[in-house]
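Worksheet for the structure shown next.
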Amino acid sequence: WAKADGKRRWAMFDPDRNATEVARLRLSAQLPAALERGEFYVDYQPLVGMRRNDVVGVEALVRWAHPELGRLGPDRFIGLAEETGLIVPLGRWVLRQACLQGRRWARELGADAPFVSVNLAVRQSRDPNLVSDVAAILDETGLDPAKLQLELTESAIMGTADEPLESLRELSRMGVRIAIDDFGTGYSNLAYLRHLPVHELKIAGSFVEGLREADREDPVDARIVRTLVDLAHALGLTVTAEGVETRAQARRIAETGCETAQGYLFARPGPPEAVHELIIGGVPG
Ligand code: C2E
Ligand code: MG
Ligand code: MG
Ligand code: MG
């Protein structure tokens, strides 16, 4: 009845917005049962080394096989899960799946196995159990900590609280790699960045988009990408370019000295078997 009450209130000023709100609330309420019923799954997208065109890492990207709405991407439900706090158990579930998969690749491929890269929401980065959860999952799955990378956004890292920083330092000491995701879209304190336990910057796809053949290129985007890569290298970090869709972009990215690239040019996110084939058979593009 709370919903009906809300419906009447919202409908008075904006029926469209009301429908969207109700859909959001419904999805949000369905999240816990969905996790219990096993409706989530993880797709994997290769991170490709520019030098040898090999799969050096693999990003885990969560999806929801919704019984009525079909496949839903993370943009539809991660925000809701953050609001309700369900992101903590959901994120732990994704981490465990990714570590299990990483361990499988390690068994099949030995030293050539890619690391798995897992996104951490802001709320997870502030969770006091983060370090012990990661340690327990590494222990249980037997994945080498060096084969795990955690991706955090600038806002997760640059927050005022010291807690996430201490957790990151601890994780880094354990041998886990830390990456800053979507770099360039948030507010980074550059002086601060220097002292963070971070190994890699991932340059947001929105900057890569403007890279084209020299004459058709967006000169500002091109300069931003070059500057971000130089900044990362000055800080002793490696760089991944996100959202690489064309050969021209891959070429321009490689010219800047960027170590790794990710994007539809090489592979779309997909099941682990598809990644395995790319590791064995080589990466196109
Ligand atoms: P992200 O971490 O920046 O992941 C990259 C996103 O870019 C993915 O979208 C991927 O499918 C997409 N992408 C990859 N290559 C290309 C390309 O060439 N062109 C374009 N246009 N897009 C490309 P996806 O899977 O929809 O994920 C969206 C976001 O949801 C992720 O952005 C990440 O922030 C979040 N996310 C995904 N899985 C998780 C998770 O397990 N936990 C948390 N907290 N967030 C997640
Ligand atoms: Mg990411
Ligand atoms: Mg990203
Ligand atoms: Mg993102």
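Miscellaneous remarks
- Qualifying positions in segment 31-48 - touching a residue at least 12 places away in the same chain (Cβ under 8 Å), of a type outside the set (A, V, I, L, M, F, W, C) and more than 17 Å from Gly102 (Cβ to Cβ): Pro32, Glu39
- All positions within segment 262-275 that are touching a residue at least 40 places away in the same chain (Cβ under 8 Å), over 24 Å from Thr238 (Cβ atoms) and open to solvent by 50 Å² or more (accessible area, probe 1.4 Å): Pro271
- For segment 202-219, a residue qualifies if it is open to solvent by 80 Å² or more (accessible area, probe 1.4 Å) and either farther than 17 Å from Asp182 by Cα or more than 16 Å from ligand 3 (Cβ to nearest atom) (or both), and the qualifying residues are Arg212, Ala214, Asp215, Arg216.
- Of residues in segment 23-82 being among the charged types (D, E, K, R) and touching a Phe, Trp or Tyr at 6+ places or on another chain (Cβ under 8 Å), the one surrounded by the fewest Cβ atoms within 10 Å (Cβ to Cβ): Arg71
- When segment 108-142 is filtered for residues that are open to solvent by less than 10 Å² (accessible area, probe 1.4 Å), within 16 Å of ligand 3 (Cβ to nearest atom) and farther than 16 Å from Pro46 by Cα, only Ser125 remains.
- Qualifying positions in segment 222-231 - under 10 Å from Thr256 (Cβ atoms) and either modelled with pLDDT of 95 or more or not hydroxyl-bearing (Ser, Thr, Tyr) (or both): Ala222, Val225, Arg226, Leu228, Val229, Asp230
- Evaluating Glu151 against the criteria (1) part of a helix (DSSP H, G or I); (2) surrounded by fewer than 22 Cβ atoms within 10 Å (Cβ to Cβ); (3) within 9 Å of ligand 1 (Cβ to nearest atom) leaves one unmet condition, (1).
- Among the candidates Trp93, Trp105, the residue that is touching a strand residue (DSSP E or B) at 6+ places or on another chain (Cβ under 9 Å), more than 16 Å from ligand 4 (Cβ to nearest atom) and open to solvent by 30 Å² or more (accessible area, probe 1.4 Å) is uniquely Trp93.
- Helices (runs of 4 or more DSSP H) enclosed by segment 163-279 - at least 2 residues per element that are away from ligand 1 (no atom under 13 Å from the Cβ) and more than 30 Å from Ser132 (Cβ to Cβ): 190-193, 219-234, 247-255
- Residue check, Arg177 out of contact with any helix residue (DSSP H, G or I) (no Cβ under 8 Å at 6 or more places or on another chain) and away from ligand 4 (no atom under 16 Å from the Cβ): no
- Criterion applied to Gly282, Gly186 was being surrounded by fewer than 14 Cβ atoms within 10 Å (Cβ to Cβ) and in contact with a strand residue (DSSP E or B) (Cβ under 8 Å, 6 or more places away or on another chain), and the one residue passing it is Gly282.
- Where a residue in segment 194-218 is among the basic types (Lys, Arg) and its partner, wherever it lies, is away from ligand 4 (no atom under 16 Å from the Cβ) and assigned to a loop (DSSP other than H, G, I, E, B), with Cβ under 7 Å and at least six apart: Arg194/Leu235
The values are calculated or read from the model by the stated rules, or taken from the named source; none is laboratory data. What you see is a predicted model, and the numbers here were worked out from it, not measured in a lab. Methodologically, a virtual Cβ is constructed for each residue, glycine included, from the backbone with ideal geometry; neighbour enumeration extends over all protein chains shown. Ligands, DNA and RNA are excluded from the accessible area calculation, which covers all protein heavy atoms including side chains. Shrake-Rupley method; radii C 1.70, N 1.55, O 1.52, S 1.80 Å.
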